[in-house]
Amino acid sequence: MESTNTPTPLFEIRDLQVRYGDMKVLHGINTDMPAKEVTAILGPSGCGKSTLLRVLNRTLKLTPMARVSGGTVKYHGENLLQHPLGEQQIRKRIGIVQQRPLPFPMSIRDNVMFGADYHNKTSSGKKNEQAQLYLEKVGLWNEVKDRLKSPGSRLSIGQQQRLCIARSLANRPEVLLMDEPCSALDPDSTAKIEDLILKLQEEIAIVIVTHNLAQARRVSSNCLFFLNGTIAEQGKTAEVLNNPVHPSVQAIVMGKEG
Amino acid sequence: MTVRIGNTLYYIFVWICGLIGMALPVGIGLYLLINGSKILDISFLLDSPRGSPLGSEGGILPAILGSLSLTAIGLTVAFPASVGSAVYLSEFCSSLRLKSYSRLLIESLAGVPSIIYGLFGYAFFVVLLQMGTSLIAGGLVMAIVMYPIILITSQEAFDAVSREYREASLALGIDHTEWIVRVLLVKSFARILSGVVLAVGHAMGSAAPILFTAAVFYSAGGIRLSQPVMTLPTHLYFLVSEGVSFENAFGTALVLVIGLLVFNSMAMILRKNIQE
Amino acid sequence: MQGQQDHPSGHDSQSSRDRIVRFLCLLALISGVGILILTIVYLFIESGIGKGFLLRALHCFTGEWRPLATPPQLGMAHAWVSTAMITGIALAISLPIGFGIGLFTSEIAPPFVRRILTPALELLAGIPAVVYGFFGAVTLVKWFEVGFQLSSGETILGAGIVLSVMMLPFVASTSGEAFRAAFQEYRESVLALGVDQITMFRRVILIRAFPGLIAAAVLGLARGLGETLAVLMLSGNTTAFPDSLLSRGQPITALLATEIGETAVNSEKYHMLFTGALFLMLLVLMLNLAISILKKRVYRGLYAS
């Protein structure tokens, strides 16, 4: 499977198992994820997609009763779960954007710089400059440049979600995990975020969990199709969605798109 | 037919109860206001008790100052202790069992009559630690009375901040202190403050914990930690039980109730702001 | 390898300042809970637990209070009886009215009335005990003197009535919560059958809200047992054994408040007073525990459905 001329994958996941208390959520996941590409994770609700993101971002332990009960995850060839950089650095490098945008109780500027400022204390002037950079990146700068001091919660939901993306980007992550980032948004905001994903993939790897097969086609090059805590099918997005082999995946793809 | 009469009676009974519920606070409030406003003026607030028997004339300034300083000491001790405890329980404590046991213990102890804490304070602070009947002994007892109240409201405030916030914050790789100080405490600030107001209202009004730990009938000296103080509730109690002056008692009661009313409406306004 | 990768929740990595903050918070919790536990322990100590404790406990509930007799008699039977009578009266009045208010706020009241009533009840709960005592002294006590031709209007009955007003907001809000939950659950489906309010109340709501109503009663009882200033000012504070509703009495809290300051530390009387306080506290603690358990049951029922 591993030939000598392919670079080490970003993530190598082998037989990953996760439990919530007595309930098994992930039953042995096996996959590799490449750097600087968009990977979509598809599948019905409650089949462990978000759980996988939490494992990668090392925030699984914040969920009560949840634990990795077996298997390995390698990040650049090193054990992610016991990584020598430590949990905080891993979370900085592997950012996550959640389904529901949650601005922190502070100004728009401080929201953007919240994590970055913690990791790298910046002066006030530099902070403004940096904040502008990331707000421009997510296409929010023109909308908010006159009210950087007003609370982040005053923005519309779509703007809030882009603010949350800017907040993660300000950490200069290598990977951005996105957990159904558009499910709470209107079509217009969704389109903006999809454009952003396509633009970002030149710099960083993106793993996006989505319900929306059309969205997966639009933004991703690879995809993993989850069913009941296992990967039912994986490969190039177009191939998986055009010619699914697994009967249940077939049913879903046909039902939704056919 | 009988069913319909029953239904009517049911409505009548419930409405009467509702009216009683409204009439009582309004009635008590008006009664105190009408009788107390006769005596209440600036000099009543700013003068010391005078006359013979003492307290039949003059004002209640030392009692106001005493109540405020007792509450301030209580809050200074209880606030950091209770908020810190709540932070530990909701943020650092990994044992669910320890969490629920301490919650049960604290909730049970919050309901213990304040006279019990007064007795404990008397035996422990006044007698054993030889503080004597003093502001500091009474302030510490106040802290004990306030501690569970603020702790419970803080914990509820923290619980009300969704877990997703915690995840979203820590997912950025920040440490717990940053999340606690810049997000958790900020988001729960108003609720904690309304808990503080409740505790302060409770402490200001109760005489039982300080009756034999801090209070005296008359104190000429200023406010000193090692000296006993006058307080509004105990002053009212002494005026009535010794039959000194019902007029001044009305004034004292009115000052106490209005003071607490201000505190309580602050709590209500805060709660409303959170809901919006 | 499996063990190595087990990540129980909560054990998150911590920075050095996290460890300091964690330590300070733990310190706060330990000292706070510690002093609350110390309160319990200290009452045991001061009640002279050990030699002769059982005898003292028995005497506490049955004996007469004659501290000046030779030998002094230090029983508190009169106080326990007074406490029982006063809280009994208070519950008898505040439970029906409080439940009525609970029903009123949860179902019957028009929204604008509800908006006035809720803060009004909070105001009632916020009035200090000593003000209630004073208020009772200038109203009920005076009226009783005239109405019942008493030489002194301070009575068990008057103390009970004022105590019932003090309990009212607690009974009303706790029962109101229980009623609200029950109505939310059943209102539509029951009224859809075409029954009237009283039938719905009797056949469905009352049964569903019952644990909550018990909790309200227990909460009122716990408040009433520990109430000090109002009953101290209104009951007459006499050590005679109360023999009717209109006689004077001295509930246990009033006895403690009256005597402790004038008692030599570590005397037999001192130990006896703390024995009384200890039993009062244990009683209230048990009631509070019962409330917590009852409330849990109310909510569990609510979520289960």
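The values are calculated or read from the model by the stated rules, or taken from the named source; none is laboratory data. Just so it is clear, the structure is predicted and the values come from calculations on it, not from any experiment. We place every Cβ from the backbone using ideal geometry, glycine too, and count neighbours over all the protein chains shown. Please note that ligands, DNA and RNA were not included when accessible areas were found on the heavy atoms of the full protein model with its side chains. Shrake-Rupley method; radii C 1.70, N 1.55, O 1.52, S 1.80 Å.
In table form, for the structure just shown:
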| item | result |
| --- | --- |
| Filtered residues of region C:203-217 (kept if in contact with a Phe, Trp or Tyr (Cβ under 8 Å, 6 or more places away or on another chain) and among the aliphatic types (A, V, I, L, M)) | C:Val204, C:Ile205, C:Ala209, C:Leu213, C:Ala216 |
| Selected residue (criterion: nearest to A:Arg100 (Cα to Cα)) from residues of region A:110-126 that are open to solvent by 30 Å² or more (accessible area, probe 1.4 Å) and of a type outside the set (S, T, N, Q) | A:Asp110 |
| Candidate set from region C:264-286 (those that are under 14 Å from B:Leu109 (Cα atoms) and buried (at least 23 other Cβ atoms within 10 Å of the Cβ)); member that is nearest to the other protein chains (Cβ to nearest Cβ) | C:Met281 |
| Qualifying residue in region A:129-140 (condition: open to solvent by less than 10 Å² (accessible area, probe 1.4 Å) and within 14 Å of chain B (Cβ to nearest Cβ)) | yes |
| Helices (runs of 4 or more DSSP H) within region C:48-132 that include 3 or more residues within 22 Å of C:Pro242 (Cα to Cα) | C:53-62, C:77-103 |
| Matching residues in region A:146-165 - criterion: being more than 12 Å from chain B (Cβ to nearest Cβ) and either at positive phi or of a type in the set (Gly, Ala, Ser) (or both) | A:Ser150, A:Ser156, A:Gly158 |
| Close pairs (7 angstrom Cβ cut-off, 6 or more residues apart or separate chains): not assigned by TED's automatic domain parsing to the domain that holds B:Val257 in region B:12-29, part of a helix (DSSP H, G or I) and open to solvent by 50 Å² or more (accessible area, probe 1.4 Å) anywhere | B:Met22/C:Ile116 |
| Matching residues, region A:17-47, being closer than 30 Å to A:Lys199 by Cβ and either of a type in the set (Val, Ile, Thr) or buried (at least 24 other Cβ atoms within 10 Å of the Cβ) (or both) | A:Ile29, A:Thr31, A:Val38, A:Thr39, A:Ala40, A:Ile41, A:Leu42, A:Gly43 |
| Condition met for B:Ser219 (part of a loop (DSSP other than H, G, I, E, B), within 15 Å of B:Leu70 (Cα to Cα), more than 12 Å from chain C (Cβ to nearest Cβ) and touching a Pro at 6+ places or on another chain (Cβ under 8 Å)) | yes |
| Failed criterion for A:Asn212 (all others in (1) out of contact with any strand residue (DSSP E or B) (no Cβ under 7 Å at 6 or more places or on another chain); (2) open to solvent by less than 40 Å² (accessible area, probe 1.4 Å) hold) | (2) |
| Unique match (being in contact (Cβ under 8 Å) with a residue 40 or more places away in the chain, farther than 14 Å from C:Leu91 by Cα and open to solvent by 50 Å² or more (accessible area, probe 1.4 Å)) among C:Phe241, C:Phe201, C:Phe179, C:Phe183 | C:Phe241 |
| Residue selected from region A:94-103 under the condition more than 8 Å from chain B (Cβ to nearest Cβ) and out of contact with any Lys or Arg (no Cβ under 8 Å at 6 or more places or on another chain), by the criterion surrounded by the fewest Cβ atoms within 10 Å (Cβ to Cβ) | A:Gln99 |
| Enumeration of residues in region C:22-34 that are open to solvent by less than 50 Å² (accessible area, probe 1.4 Å) and within 7 Å of chain B (Cβ to nearest Cβ) | C:Cys25, C:Ala28, C:Leu29, C:Gly32, C:Val33 |
| Filtered residues of region B:242-262 (kept if open to solvent by 40 Å² or more (accessible area, probe 1.4 Å), more than 8 Å from every other protein chain (Cβ to nearest Cβ) and over 21 Å from the mean Cα position of the chain (by Cα)) | B:Glu242, B:Gly243, B:Glu247 |
| Residue match in region C:259-267 (condition: outside any helix (DSSP H, G or I), touching a residue at least 24 places away in the same chain (Cβ under 8 Å) and polar (S, T, N, Q)) | no |
| One residue from A:Gly77, A:Gly86 being more than 7 Å from every other protein chain (Cβ to nearest Cβ) and modelled with pLDDT under 95 | A:Gly77 |
| Odd one out for C:Ile260, checked against (1) surrounded by fewer than 24 Cβ atoms within 10 Å (Cβ to Cβ); (2) more than 10 Å from chain B (Cβ to nearest Cβ); (3) closer than 22 Å to C:Gly50 by Cα | (2) |
| Breaking point among (1) at the interface with chain C (Cβ under 10 Å from one of its Cβ atoms); (2) without any contact (Cβ under 8 Å) to a residue 12 or more places away in the chain; (3) over 16 Å from the mean Cα position of the chain (by Cα), for B:Leu239 | (2) |
| Test result for B:Val229, crowded, with 21+ Cβ neighbours inside 10 Å and on the phi < 0 side of the Ramachandran plot | yes |
| Qualifying residue in region B:178-199 (condition: at pLDDT 90 or above, in contact with a Phe, Trp or Tyr (Cβ under 8 Å, 6 or more places away or on another chain), within 11 Å of chain C (Cβ to nearest Cβ) and open to solvent by less than 10 Å² (accessible area, probe 1.4 Å)) | no |
| Condition met for C:Thr118 (free of Cβ contacts under 8 Å to residues at least 24 places away in the same chain, open to solvent by 30 Å² or more (accessible area, probe 1.4 Å) and within 10 Å of chain B (Cβ to nearest Cβ)) | yes |
| Residue match in region C:95-104 (condition: more than 10 Å from chain B (Cβ to nearest Cβ) and under 22 Å from C:Ala217 (Cβ atoms)) | yes |
| Residue match in region C:71-84 (condition: touching a Leu at 6+ places or on another chain (Cβ under 6 Å), touching a residue at least 40 places away in the same chain (Cβ under 8 Å) and either open to solvent by 10 Å² or more (accessible area, probe 1.4 Å) or farther than 29 Å from B:Leu151 by Cα (or both)) | yes |
| Residues of region C:206-257 satisfying the condition of being in a loop (DSSP other than H, G, I, E, B) and among the basic types (Lys, Arg) | C:Arg248 |
| Which numbered condition A:Arg54 misses (of (1) open to solvent by less than 10 Å² (accessible area, probe 1.4 Å); (2) closer than 24 Å to B:Lys99 by Cβ; (3) of a type outside the set (Phe, Trp, Tyr); (4) more than 10 Å from chain C (Cβ to nearest Cβ)) | (1) |
| Region B:148-177, subset more than 10 Å from every other protein chain (Cβ to nearest Cβ) and over 17 Å from B:Tyr88 (Cβ atoms), residue surrounded by the most Cβ atoms within 10 Å (Cβ to Cβ) | B:Ile149 |
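Matching residues to (1) closer than 30 Å to B:Phe212 by Cα; (2) outside the structural domain of B:Met204 (by TED's automatic domain parsing); (3) free of Cβ contacts under 8 Å to residues at least 12 places away in the same chain:
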| position | (1), (2), (3) |
| --- | --- |
| B:Ile136 | yes, no, no |
| B:Leu151 | yes, no, no |
| B:Val161 | no, no, no |
| B:Glu167 | no, no, yes |
